[in-house]
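Novice: Let me give you the structure first, and then I'll get to my questions.
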Amino acid sequence: MRTELPVLKAADFASDQDVRWCPGCGDYSILAQMKKTLPSLGMPREKIVFISGIGCSSRFPYYMNTYGIHSIHGRAPAFATGLKAVRPDLMVWVITGDGDGLSIGGNHLMHAIRRNLDINIVMFNNRIYGLTKGQYSPTSPIGKKTKTSPMGAIDNPLHPLSIAIGCEATFVARSVDTHIKHLGGVLQRAAEHRGTSFVEVYQNCNVFNDGAFDYVTDRQTKSDQTIELEHGAPLVFGKNRERGIRLNGLEPEIVELGDRYSESDLLVHDEAAVEPSLAYLLSRLRYEDGFPEPIGVLRAVDAPRYEEVLNTQVTAARDQRGEGDLTSLFNSGETWTVT
Amino acid sequence: MPVSIEPLPTSSKSTVVLDGATVRLAGDSGDGMQVVGGQFTATSALHGNDVATFPDFPAEIRAPRGTLAGVSGFQVQFASTDIFTPGDTLNALVAMNPAALVTNVSDLEKGGILIVNSESFEPKDLKLARLETNPLEDGSLDEYRLFKVRLDTLNREAVKDIEGLTSSLQDRCKNFFALGLIYWLFGRDLAATLRFVEAKFGTKPEIVAANEKALRAGWYYGETTEAFDHSYQVEPAQLEPGTYRNIMGNQALAWGLITAAKLSGKELFCGSYPITPASPVLEELSAFKHFNVRTVQAEDEIASMCSAIGAAFGGAMAVTSSSGPGIALKGEAMGLGMILELPMLIINIQRGGPSTGLPTKTEQSDLLQVMFGRNGESPLPIIAARSPGDCFEVAQEAWRVATRYMTPVILLSDGYIANGSEPWLIPSVDELPQIPVEHPVASADGEPFMPYQRNEWLARPWALPGTPGLMHRVGGLEKEDVTGNVSYDPENHQHMTNLRAERVARIADDIPVQEVQGPSKGKLLVLSWGGTYGACTTAVRRCQADGLSVSHAHLRYLNPFPRNLGELLEAYDEVLVPELNMGQLRLLVQARYVRKVVGLNKVKGKPFTVSEVADKIRQLLG
């Protein structure tokens, strides 16, 4: 007998709950792309679990017609760890934000990534605390004036991709809420990757931090200020693909393509490089330093998955010692009988 | 080289028969006192005695040698009668150095046996123990039967011919020499310890040989030295028929968890972070992968709690084990577990608090923490173990409650129970009650799934991811009754709060009524819980034997209380609650039953002695 999997559509993934994000929020677009992407993965809805922490982005699971946990602030990766350890058959998504994932939950993010469970972490980075109404976040730039930093933030910001690569994440990518097609493609790649996928999505908070990512979304400037990564291709950018990035020693530099430099002089992107240094270097290309910011997959390498290794150990233990038997356990070692 | 398990000759000296004895072995934290204490316990248990132990060691792994801070002790009471405590006063003390002597000798009875390593009383040793004069010479030990043993020399002499043994390794066997001497003194068989040595050091034949020689030499020293003119004999106890083994509290707890998982047809998941005195539970479970146990050593206490919730959502028997400081960190996630209404066990093996407190010492001061230590109205059932062996049963009972009522359950133990050991009647696995667990499937008529629809226990369905048609979202926001959708409705919040409280309160109808040892009414009831069981039981029995009107009720269930507790308290003129805290159960009982009760409270990092409790009983009845 052959059972046909029902063909699902984006609408099948919508729950019956009203979406309560502010009108114009970048989260809507991410939700739409997720619903659009999931049907193509061939995974039935009941096998998918969304786990979030606290924050605007963390309302996400309520809007998906899958299983879901809206957990507590910053801890979503830890819930995902426990779930995936006992249920490797499930597809687990962690939805987090810059405050949730990098501030209160920084520790859990780091450890989930280094364990390399087969989960997908999507971080909505809006560089602000939205749900608590506009305090600076761990990704807010220095000098950012908010309610809790009226004279400007003085904390050096964290950079999500650099953190993820520092933890040797096996899949690291970035996309933008309004780059609909690109975002869908990145989510799809993240889902298909076996191991922990970390995706940063630049997400506009139109209420508390509007325009934070204008430099990557503005039609006039985006091709000069972003660089779309392509595996095996040189790092070329600009409206007319007239510029590129080359390495000068260990330092990246922008060069004009033409008489002096050609594409063959440029850094060639290799997302599969086992050594994470180049991916880290890409994660450090920042707009405020005069560089275009990379969009796309920075790193995609294969490494053992935590839950698989755990299962291997369980199987090996059973093979070596036999299926655990309580009676023989209780009677192991020294015993005596009273008559 | 295999160990020879040849039996030793029977002692040619006369023996004196005792009902029981309490012995403490004390030395530096690196002297191996815990190892030989454990061996003495195991051997006494195999001998058929009832045994109870109290290991007492510093938080530092190797405190500076010879100092007062570094003293590590192991106390064991063994008897031919039923015993419940490791004993109040010592009949014999072994002190490996002056620091061990001065910190322990006050517990030794007058006329008690005091064995010291006389070669560790050099001026530098005395200075480390802050002694101005040598107690072996200044007459301060005159009231004890002092045996000065040249342990260093005798031990080195015994092992000198073993090849490949450095002098420091030679000296490391000293504890086995001392153990051999104690074995002679109490007529114990060497065989079990020889098997232990073989199993533990089997890959290092010179260590096996050295420990064996040291143990035998210690025994022969007792037999040949003129210092000892007789040895002692403690006959086997009349325990309930069956096969026994010695078991430690944390071990019994881990085994109880594995058993509960089997009885409920679940795979066991434990997410924990190492913390004294709970780490052995995680360690023990990590070694049971062949029982399908999956453990995660989480990055912190919060993550360990959250991983357990994740595993519970996935359908595993989820457990996290910790101690007070860790429970403090878990608090927010425990509240989430409560409102998600998922079954899991949260184990608190209490230690001395507050803050980091006294990590290796025992206390019962987390009762109010587990009762109230969460934001909002967040009731959770609390069940407490009373002894090492009891941990096995309590683990299963806690899981039964958790699954029937769909709630996290808090299981309380303490450092005294966790590290203590006692003979354990090995249960017949087939006779242990099954723990039925059900998971829903989608209804055939396509009715939408209601994740917060309740059954007769007020429990919601445990719907597992992977089940078609039951997709649902749970979270920490207040949810609407029945549907589980987010709700800010005021009436609904009140209703859900009431339901969650009622669900826990109803457990009282499903647990045994509280039993009492002694008259069902009278002058005084001793009401105790947790690890004070042994001291309270023994004290009450002793007072009853003296003709006093006193009864004893020991609580296993602390939330909710057994349904007859209020009525029971009314039947006595006075109620005494002995606790190793400043009155936490007393506060709960007084608040709940509006009944004045008397406390006996101590926080000295040590369990109650029997006489502390008995004296208080006599004072109240006097």
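Laboratory data are not the source of any read-out in this text; all were calculated from the coordinates shown. Because the structure is a prediction, the values reported are computed rather than measured. So basically every Cβ, Gly included, is an ideal-geometry build from the backbone, and we count neighbours across all protein chains shown.
Novice: Say R0 is 60 Å: what FRET efficiency, to the nearest 0.05, do A:Arg260 and A:Thr315 get from their beta-carbon distance? Intermediate results must be reported in sequence, preceding the final value.
Specialist: Details: r = 59 Å, r/R0 = 0.99.
It comes to 0.50.
Novice: So if I restrict to the alpha-carbon atoms in the protein assembly as shown, what is the Rg, and what is Dmax, the biggest pairwise distance, in Å?
Specialist: Computed over the Cα atoms of the protein assembly as shown, radius of gyration and Dmax are 32.9, 110 Å.
Novice: Separate question: On a 0 to 90 degree scale, rounded to 10, what angle separates helix B:205-224 from the longest Cα axis of chain B?
Specialist: 60
Novice: I would also like to ask the following. Convex hull volume of the Cα atoms in chain B, per residue, in Å³?
Specialist: 171
Novice: How large is log10 of I(q)/I(0) for the range B:14-234 at q = 0.10, 0.16, 0.18 Å⁻¹ when the intensity is taken from the Debye formula with one equal scatterer per alpha-carbon?
Specialist: Computed log10 I(q)/I(0) values: -0.41, -1.11, -1.42.
Novice: Cα-Cα pairs above 23 Å in the range A:221-339: how many percent? The partial results should precede the final answer.
Specialist: Details: 3592 of 7021 pairs.
Above the 23 Å cut-off, the range A:221-339 has 51 percent of its Cα pairs.
Novice: Compute the helix-to-body angle for B:324-340: its Cα long axis versus the longest principal axis of chain B, expressed 0 to 90° and rounded to tens.
Specialist: Roughly 20 degrees, rounded to the nearest 10.
Novice: On a 0 to 90 degree scale, rounded to 10, what angle separates helix A:27-37 from the longest Cα axis of chain A?
Specialist: Approximately 60 degrees, to the nearest ten.
Novice: How far apart, in nanometres, would the label points at B:Thr81 and B:Ile61 be if each is projected 7 angstrom from Cα along the Cα-to-Cβ direction?
Specialist: So the two model labels end up 4.4 nm from each other.
Novice: State, to one decimal in nm, how far the label point of A:Tyr28 lies from the label point of B:Val441, with both points 7 Å from Cα in the Cβ direction.
Specialist: The two pseudo-label positions are separated by 4.2 nm.
Novice: Which pairs break 19 Å Cα to Cα here: B:Lys174/B:Lys213; B:Lys523/B:Lys616; B:Lys160/B:Lys204; B:Lys361/B:Lys596; A:Lys36/A:Lys181; B:Lys110/B:Lys174? Mind showing how you got there, number by number?
Specialist: Numbers: B:Lys174/B:Lys213 11 Å; B:Lys523/B:Lys616 14 Å; B:Lys160/B:Lys204 17 Å; B:Lys361/B:Lys596 30 Å; A:Lys36/A:Lys181 10 Å; B:Lys110/B:Lys174 27 Å.
Violating the 19 Å limit, Cα to Cα: B:Lys361/B:Lys596; B:Lys110/B:Lys174.
Novice: In square nanometres, what is the average projected area of the Cα convex hull of the range B:522-621? Spell out each step's value before the answer.
Specialist: On the way: hull surface 22.9 nm².
Averaging across all directions leaves 5.7 nm² for the Cα convex hull.
Novice: Expressed as a rounded percentage, what relative contact order does the range B:277-383 have, with Cα pairs under 8 Å and six or more residues apart? Mind showing how you got there, number by number?
Specialist: On the way: 137 pairs, mean separation 25.9, N = 107.
Relative contact order comes out at 24 percent.
Novice: I want the antiparallel fraction of DSSP beta bridges within chain B, as a percent rounded to 5.
Specialist: That works out to approximately 35 percent antiparallel.
Novice: Would you mind estimating how fast the range B:245-431 diffuses translationally, via Stokes-Einstein at 10 °C and 1.306 mPa s with the Kirkwood radius over Cα pairs, in µm²/s?
Specialist: Values: Rh = 15.8 Å.
My calculation gives 100 µm²/s for D.
Novice: Another question, if that's okay. For chain A, what is the relative contact order in percent, using Cα pairs closer than 8 Å and at least 6 residues apart in sequence? All intermediate terms of the calculation are to be shown ahead of the outcome.
Specialist: Details: 674 pairs, mean separation 48.9, N = 339.
About 14 percent, as a whole number.
Novice: Can you compute the helix-only [θ] at 222 nm over chain B? Use -39500 (n - 2.57) per DSSP H run of at least 4 residues, normalise by all residues, nearest 500 deg cm²/dmol.
Specialist: -11000 deg cm²/dmol
Novice: Using a 10 angstrom cutoff on alpha carbons, build the Gaussian network for chain A and name the most mobile of A:Arg174, A:Arg20, A:Arg189.
Specialist: Maximum among the listed residues: A:Arg20.
Novice: Return the long-range amide H neighbours of A:Lys144 (sequence gap of 5 or more, or a different chain), with a cut-off of under 5 Å between placed amide H atoms.
Specialist: A:Ala153
Novice: Note the full-extension length gain between B:Thr10 and B:Glu137 as 0.36 nm times their separation in residues minus their Cα-Cα distance, in nm to one decimal. Please report the intermediate quantities before stating the final value.
Specialist: Values: separation 127, 0.36 × 127 = 45.72 nm, distance 3.45 nm.
Taking B:Thr10 through B:Glu137 to full extension adds about 42.3 nm, to one decimal.
Novice: Turning to a different aspect of this structure: Computed FRET efficiency, Cβ-Cβ of A:Arg114 and B:Thr89, R0 60 Å: what is it to the nearest 0.05?
Specialist: Computed FRET efficiency for A:Arg114 and B:Thr89 comes out at 0.65.
Novice: Measure off 7 Å from each Cα along the Cα-to-Cβ vector at B:His495 and A:Thr339, then give the distance between these two points in nanometres to one decimal.
Specialist: 6.7
Novice: Tell me the relative contact order for the range B:245-431 as a rounded percent, counting alpha carbon contacts under 8 Å between residues six or more apart.
Specialist: 29
Novice: Enumerate by residue number the GluC sites (Glu not before Pro) in the range B:181-229 meeting two conditions: DSSP loop (anything except H, G, I, E, B), and at most 13 other Cβ atoms within 10 Å of the site's Cβ. Don't jump to the answer; show the numbers that get you there.
Specialist: Details: sites: B:Glu198, B:Glu206, B:Glu212, B:Glu223, B:Glu226; in loops: B:Glu226.
The qualifying sites are B:Glu226.
Novice: Gain in length, B:Lys110 to B:Asn375, computed as 0.36 nm per residue apart minus the alpha-carbon separation, to one decimal in nm? Before the final figure, lay out each step's value.
Specialist: On the way: separation 265, 0.36 × 265 = 95.40 nm, distance 5.30 nm.
Extending this stretch completely gives an extra 90.1 nm.
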